[in-house]
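First comes the structure, then the notes that go with it.
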Amino acid sequence: MIDDLLKCDHHGRMPGDQRRAQILQSAFDLFSQKGFSGTTTKDIARRSGVSEAMVFKHFSSKDELYAAILEAKKCSEGLHKYPWESNEPMLAAMEAKDDLGVFYHFARQALEKHQADVAFMRLLFYSALEEHELAERFFGEFVHEIYRFLGNYIAKRQADGAFRKIDPRIVVRSFLGMLLHHSLNNILWDRKRKILDIDNETAAKSFAEMILRGAAAVPFTAAT
């Protein structure tokens, strides 16, 4: 994450202070390993190789550090606010009303991001368990938009008669549940893949097919 922090601060500009970025990186590492409550500013200072006073010079509190981490993460995603806005295969599938393509490409992108950013996933889980504001901000700004984005597509396909009548949010929650449970197993509980060892493509295709078997107005048959 250090490269992302050096590229942009929370205003999207070069930070101009590598030490600030190093402190933020150390805080990110520790928060993802020990949680917010389990990390002290002394821990962060020690990890950064600076004094605790230097930490407070750049960040007035741990809460400010948490907020800066989230802003840096959003900045590092590039010009698009949400990842799916740059998922061209999925957007093309939406235009073509290719339901399997929509869910497959969304799932593939989500699983790859989970796998590539385990530390950030752990940070979010810690913040949720500790009922920290970061979790509420992330889910309010990000997960809510997933429900809106996929829910709108599902509603349109219901109007077309392609999907059966069911609250689109239930379909989205079912779909996200498969993706998140799979990633949680790989990240936290089954890191050696003893229960299930499949690649992201197989997982994405399987989950997409399963959600369509449940949501389609007529029996869904996957292409062979």
Return the residues of the range 126-157 that are surrounded by 16 or more Cβ atoms within 10 Å (Cβ to Cβ) and without any contact (Cβ under 8 Å) to a residue 24 or more places away in the chain; say none if nothing qualifies. Ala135, Gly151
Restricting to the range 93-125, and then to whatever is acidic (Asp, Glu) and without any contact (Cβ under 8 Å) to a residue 40 or more places away in the chain, can you tell me which residue is farthest from Gly161 (Cα to Cα)? Asp117
If a residue counts only when it is out of contact with any Lys or Arg (no Cβ under 8 Å at 6 or more places or on another chain) and at pLDDT below 85, which helices (runs of 4 or more DSSP H) contained entirely in the range 39-80 have at least 1 such residues? 62-76
If Ala96 meets every condition in (1) among the aliphatic types (A, V, I, L, M); (2) exposed (fewer than 15 other Cβ atoms within 10 Å of the Cβ); (3) within 14 Å of Ser183 (Cβ to Cβ) apart from one, which number is that one? (3)
The range 183-224 - residue that is touching a strand residue (DSSP E or B) at 6+ places or on another chain (Cβ under 8 Å) and outside any helix (DSSP H, G or I) and, of those, nearest to Phe142 (Cα to Cα): Ala216
Find the helices (runs of 4 or more DSSP H) located wholly in the range 100-182 whose residues include 3 or more that are over 14 Å from the mean Cα position of the chain (by Cα), and list them. 144-159
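The values are calculated or read from the model by the stated rules, or taken from the named source; none is laboratory data. Given the structure is predicted, the values throughout are model-derived calculations rather than measurements. As a convention, Cβ positions derive from the backbone with ideal geometry for all residues, glycine included, and neighbour counts pool all protein chains shown.
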